[in-house]
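Here is the structure we will look at, set down as structure tokens.
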Amino acid sequence: MTGVFGDMAGQLAGLQSASILGRVVGISGLGVQLSGLDRHAAVGDRVSLQPRGGQPVQAEIVGFRDRHAQAMAYGSLDGLGPGSIASIGFGRTGGVHGGALAINDRWLGRVIDPLGRPMDNKGPMPHGGSPRPVRAAPPDATRRARLGPRLNLGIRVLNSFTTCRTGQRLGLFAGSGVGKSTLLSMLARHTECDVAVISLVGERGREVREFIEDDLGEAGLARSVVVIATSDTPPLMRREAAYSAMAIAEHFRDQGKSVLLMMDSVTRFCLALREIGLSTGEPPATRGYPPSVFAELPRLLERAGPGPILPDGSAGSITALFTVLVEGDDHNEPVADAVRGILDGHVVMDRRIGEQGRYPAVDILRSLSRAVPGCNSPEENALMRRARSILAIHADMADMVRLGAYKAGTDPVVDEAVSLAPRIEAWLNQDRNEATGIADSFAALREIMGAAV
């Protein structure tokens, strides 16, 4: 019997994959209409399109209309026309090939595109590992671990005023040109973690090498996987950059590791979703965003955070930092408002602070971490609240002091704020190559405030 089963296994292994063929019947904007696949395809399936005189282009089924499958391509539509062949491949297990990555630990130090193809001229990606779907459900809310201890981000303003815990999800909200990318580069180098996964969604192509070589550096890249989809790529690639990075982070999280996931930016991810939704005929809603965008956001963001508890009682975690590019510096625009409601805290960067020469240009009074009360000592929380109060009083009285309408000695509380606020602001200024731990951050703030140890 063993020999019979062995022969059968050998024969099955030798079977070639089958494919179902269809045809392109129309192209409209970013969408491609396919016939002959409606009974064999489902939303999310991958399709291979054969242009005239060119290499096959991968596409994805995004909807159905009038018994025609609607697809969007991961590459250029040049050369495609009515009659072009579309095929869906079936493996030996009978399943449709969908979006999956065969991730393994040797991916560390690599730069890839959202489909797992190398972009760093270091040869093909190492083989090994079971294919992991790039789209997955978040861990069961009742089975995932709680937030871990506080995490050293290496940046004074964040360590002392928006202290982060392992497994927490923070949003970095800023307009263009406020120093968001520089802050991300500081976090990539200085944060204490086992693995870093960096997703550049819709990034400028000119800045990619600068970020990898100058900001991240060799040491930072050695513990990182970088997923890149530049602004000129089709919307499916920009969307997939977020999903692929999350799947890679989950791979290392499931090994019990502490993973830092940085995504720049969620806004461009939503813009890609908007392009996809509108191309499939979905009606625009809030500021042109179709409803599916705001349904998809929590499905992505909730995958980050503490992982499921492992059999030995331990758990890995994904500490996530998502940047949000606010349009026109409007922090109440739809994407920013939705993301702020999902995450565990938000860091607001202000253009006026940057114009005054203080970097990182974090607006302390508008930033918060929802995990702060549970991770700092009572003395540290009291120190932080007092510093916030002083900065708030100084902000309220700044115009009067500047105009000479306030006389020193009128109010001791204002006098204290006028004396201490400039010292706090000067201390918060930090060079991109400088790192400061949590304990050192609070010790320096305590010294400025003149508080008792």
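The values are calculated or read from the model by the stated rules, or taken from the named source; none is laboratory data. Nothing here was measured: the structure is a model prediction, and the numbers come from that model. In this analysis, Cβ positions are derived from the backbone assuming ideal geometry, glycine residues included, and neighbour counts consider all displayed protein chains. Protein only, heavy atoms only, side chains kept; ligands, DNA and RNA dropped before computing areas. Shrake-Rupley method; radii C 1.70, N 1.55, O 1.52, S 1.80 Å.
Here are some notes:
- Condition met for Arg117 (surrounded by fewer than 22 Cβ atoms within 10 Å (Cβ to Cβ), without any contact (Cβ under 8 Å) to a residue 40 or more places away in the chain and closer than 26 Å to Glu275 by Cα): yes
- Among residues of segment 363-391 that are in contact (Cβ under 8 Å) with a residue 24 or more places away in the chain, those with a beta-carbon under 6 Å from a residue that is among the small types (Gly, Ala, Ser) at least six positions away or on a different chain give the pairs Leu365/Ala392; Leu368/Gly345; Ser369/Gly345; Arg370/Gly345; Leu383/Ala451; Ile390/Ala417; Ile390/Ala421; Leu391/Ala421.
- Entirely in segment 169-225, the helices (runs of 4 or more DSSP H) that have 1 or more residues that are surrounded by 18 or more Cβ atoms within 10 Å (Cβ to Cβ): 180-190, 217-222
- Failed condition for His68, given (1) within 29 Å of Thr191 (Cα to Cα); (2) in contact with a strand residue (DSSP E or B) (Cβ under 8 Å, 6 or more places away or on another chain); (3) open to solvent by 20 Å² or more (accessible area, probe 1.4 Å); (4) not charged (D, E, K, R): (1)
- Checking Ala405, Ala417, Ala398 one by one, the residue that is over 30 Å from Thr166 (Cβ atoms), assigned to a helix (DSSP H, G or I) and either open to solvent by 70 Å² or more (accessible area, probe 1.4 Å) or out of contact with any helix residue (DSSP H, G or I) (no Cβ under 6 Å at 6 or more places or on another chain) (or both) is Ala398 and no other.
- Selection count where residues are among the β-branched types (Val, Ile, Thr), closer than 24 Å to Gly354 by Cβ and within 36 Å of the chain's Cα centre (by Cα), scope segment 364-421: 3
- Count of segment 352-371 residues which are assigned to a helix (DSSP H, G or I) and in contact with a strand residue (DSSP E or B) (Cβ under 8 Å, 6 or more places away or on another chain): 2
- Any pair with Cβ under 6 angstrom, 6 or more apart, that starts in segment 243-259 at a residue that is basic (Lys, Arg) and ends at one that is open to solvent by less than 10 Å² (accessible area, probe 1.4 Å): Arg253/Val259; Arg253/Gly307; Arg253/Gly316; Arg253/Ile318; Lys257/Val195; Lys257/Gly316
- Among the residues making up segment 274-313, those that are open to solvent by 20 Å² or more (accessible area, probe 1.4 Å), in contact (Cβ under 8 Å) with a residue 60 or more places away in the chain and not polar (S, T, N, Q) are Glu275, Gly281, Arg299, Glu302, Pro308, Ile309.
- In segment 420-453, residue nearest to Asn381 (Cα to Cα) [restricted to those that are open to solvent by 60 Å² or more (accessible area, probe 1.4 Å) and part of a helix (DSSP H, G or I)]: Ala439
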